[in-house]
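To start, the structure itself, in structure tokens.
Derivation of every value follows stated rules applied to the coordinates shown; laboratory data play no part. Please read these numbers as outputs of a predicted model, since none were measured by experiment. Neighbour counts are summed over all protein chains in view; Cβ atoms, including those assigned to glycine, are modelled from backbone coordinates with ideal geometry.
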Amino acid sequence: MRVSERIGLVGRILWWRLNWERRDLDYRPPGTLDPRFMTAREAAALVPDGACCLSSGMAGNARCSTLLWAIRERFEREGHPRGLTWIAVGGQGGRGRAPGSVEEVGLPGLLERFVSGHVETTKAMLAMADAGRLELHVMPQGEMCFALEAQGQGGDAIESRTGVGTFLDPRCGRGSPVTPGAQLQLIEPAGDKLRYRLPKLQVAVLAAPWADAEGNVYFHDAATITEMREAARAARANGGRVLVTVAGIIPADPARISLPAELVDAIAVNPRQEQTILSPQQGFLPLFTPDGDGDDAAAIEKLRFINRFLKLTPVRGPIECALARLGAHVFAQAVQPPAGVNIGVGFGEEVCRELYQSPLRPDLTFTTETGVYGGLPAPGIYFGAAVHPERLESSAWVFRHYQDHLDATVLGFLEVDATGNVNVSRRGPRFMDYVGPGGLPSITASARTCLFVGTFMQGAKWALEDGRMVLQQAGRPKLVDTVSEVTFSGREALKAGKQVWYVTTVGAFRLGADGLVLEIVMPGLDVERDIRPHCGLRFALPEDGPQVAPASVLTGENYRLTWGTGAGG
């Protein structure tokens with residue numbers, strides 16, 4: 001990247017940081033427009049007390065900031081609306097730091113109940129839960145999308161095998177409630193399945209790029225679509241309201257209309273609205289759209305620079321890079337081409353980068369749960385978007401696509417136990433430590449091969465010496481006898497005939513009928529000296545002992561992936 005480009009990106013970042021709290025809630029575009037066009041404050045006045053609301057978007061993509069600010073301001077000024085139930089399918093928080101996220105409505109009295117797939121970033125809601133002032137629920141993102149879709153079609157609930165045998169299953173777990181004494185249970189047993197439902201949606205709060213003067217809404221030039229269509233149809237079917245914030249008004253184009261005017265009640269124009277974090281919609285980044293310039297290398301370098309500059313994502317050192325290469329090595333051995341692949345946040349992104357830059361790339365189609373299809377899933381703060389996707393679909397579409405076409409998923413983990421169960425949802429005992437299941441239960445229910453990638457110990461220190469992995473200081477085991485919470489059931493995965501791998505700093509374990517088997521070990525490590533004493537679960541070895549990973553996995557030298565054999569070198 002040229003110096004001038006770096007300076008330009010730094011300027012964009014500084015401008016964004018200095019202006020991220022600026023807002024004009026009374027802005028009304030000039031000209032003769034459909035009556036649906038109103039100020040953000042006027043739109044916020046349409047939200048009744050006790051309503052069930054939903055905001056769209058995920059992470060830094062398509063945030064509904066101006067409407068969220070207006071709803072919060074109205075409550076602080078008038079005490080209304082109050083007692084809301086709020087639904088956010090994907091993670092939409094600002095970690096208690098960035099303004100304009102769904103945390104704007106995280107106030108006692110304003111919010112009574114919060115339902116989401118991923119709650120780790122919504123620190124305001126978690127603090128309320130810790131204080132006993134919020135009823136907190138979690139559900140798998142796929143089933144949330146399907147339940148919204150069902151409401152739009154006049155239904156009430158959907159049935160699914162997703163979540164059976166996990167904490168989501170009331171027969172062996174708590175179901176949807178995270179906080180005690182919850183008024184609702186949104187997940188119920190239904191034979192060998194689970195029945196999922198959402199509260200009846202009454203207000204959909206959406207962020208789209210554009211509208212025309214007649215009140216039609218357009219999604220083109222967005223970075224993600226998520227659940228906007230499903231939410232609008234659900235709110236309308238329930239007799240509710242649809243509030244949309246857009247960045248500007250464009251000429252009508254009947255062929256490109258995404259939400260017809262009859263599905264919309266209010267449109268608030270916010271000229272400063274973002275396409276994604278750091279990128280105003282009116283100066284949107286084409287690299288996140290199907291119509292981009294296709295220069296993947298330049299786009300990836302740009303996003304890496306932004307992530308490194310902001311220091312909001314972990315810095316990956318040589319050990320973490322070796323772990324990502326091992327994950328790609330196992331993927332190349334375990335998965336058959338051509339393959340549809342879902343990529344999760346964290347180490348999943350690092351494995352994806354190795355695969356994307358490898359000779360395997362032509363046989364791979366990457367996706368994420370936001371509905372982006374093809375391209376390279378964007379890293380770090382841009383997770384949920386993709387670099388030069390083939391197309392953008394809704395979240396419901398992609399989760400349904402997964403049911404028949406998902407060959408593999410690469411995800412992270414917090415804990416793994418002796419029966420292959422995985423915990424990604426609970427970091428610790430407090431509600432402030434809670435993460436939620438995200439899309440993992442829905443994704444792993446569909447995937448034929450599941451790869452979980454993470455460090456072997458928390459806080460351990462490793463070194464690479466002469467092409468060998470060396471343990472310098474042990475840490476806290478992440479492979480344990482029993483996980484704190486079962487987000488993924490190893491037993492159910494085996495019953496479904498899935499292939500499951502756990503790729504760690506010390507090597508790769510495969511899930512067998514009797515538990516974990518250490519199939520691959522990193523060069524330089526001794527099983528009895530370096531692995532077994534620091535593992536909190538019993539694992540088996542193959543009859544001939546584990547394979548030693550190729551030296552190139554550690555060093556990166558002569559690292560080249562081949563289907564069926566993995567890495568050479």
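Quick rundown of the values:
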{"quantity": "Net +/- balance of residues flanking Trp16 in space, Cβ distance below 13 Å, scoring K and R +1, D and E -1", "calculated": "+3"}
{"quantity": "Among beta bridges that DSSP assigns inside the range 3-277, antiparallel share in %, nearest 5", "calculated": "35 percent"}
{"quantity": "10 Å binning of all Cα-Cα separations within the range 178-295, expressed as whole percents from 0 upward", "calculated": "13, 35, 27, 16, 9, 0"}
{"quantity": "5 Å-binned pair-distance histogram of the range 413-495 (Cα, whole percent)", "calculated": "3, 13, 20, 21, 16, 11, 9, 5, 1"}
{"quantity": "Gained length - Ala496 relative to Gln472, 0.36 nm times residue gap less alpha-carbon distance", "calculated": "4.7 nm"}
{"quantity": "Rounded to 10°, Cα long-axis angle of helix 318-334 versus longest principal axis of the chain", "calculated": "90 degrees"}
{"quantity": "Whole-angstrom Cα spans of the range 296-567 along principal axes, big to small", "calculated": "49, 40, 39"}
{"quantity": "Computed Rg/Rh of the range 253-380, alpha carbon atoms with Kirkwood Rh", "calculated": "1.04"}
{"quantity": "In degrees, nearest ten, helix 141-152 long axis to first principal axis of the chain (Cα)", "calculated": "30 degrees"}
{"quantity": "Ascending count of other beta-carbon atoms within 10 Å, so fewest first, for Phe413, Phe456", "calculated": "Phe413, Phe456"}
{"quantity": "Length released on extending from Asp24 to Asp481, taking residue separation times 0.36 nm less the Cα-Cα span", "calculated": "159.1 nm"}
{"quantity": "Share antiparallel - DSSP beta bridges, the chain, percent rounded to 5", "calculated": "45 percent"}
{"quantity": "The range 96-206 - convex hull of the alpha-carbon atoms, volume per residue in Å³", "calculated": "112 Å³"}
{"quantity": "Degrees separating the helix 228-237 axis from the principal Cα axis of the chain, which is the longest one", "calculated": "50 degrees"}
{"quantity": "Column: log10 I(q)/I(0), Debye, Cα scatterers of the range 438-555, q = 0.10, 0.11 Å⁻¹", "calculated": "-0.32, -0.39"}
{"quantity": "Separation of alpha-carbon centers, the range 399-475 and the range 125-188, rounded to whole Å", "calculated": "22 Å"}
{"quantity": "Volume in Å³ per residue [convex hull over Cα atoms, computed for the range 3-277]", "calculated": "147 Å³"}
{"quantity": "Reach of Lys498 by Cα under 19 Å, taken over aspartates and glutamates that are not fewer than 8 positions away in the same chain", "calculated": "Asp192, Asp404, Asp407, Asp417, Asp514, Glu519"}
{"quantity": "Principal axis dimensions, largest first and in whole angstrom, of the chain by Cα", "calculated": "76, 57, 39"}
{"quantity": "Percent RCO, i.e. relative contact order, over the chain, from Cα pairs under 8 Å lying at least 6 residues apart", "calculated": "13 percent"}
{"quantity": "Those trypsin sites (Lys or Arg not before Pro) in the range 178-251 that DSSP places in a loop and that have at most 16 other beta carbons within 10 Å", "calculated": "Lys200"}
{"quantity": "Segment Glu390-Cys172, extension gain: residue separation times 0.36 nm, minus the distance between their alpha carbons", "calculated": "74.4 nm"}
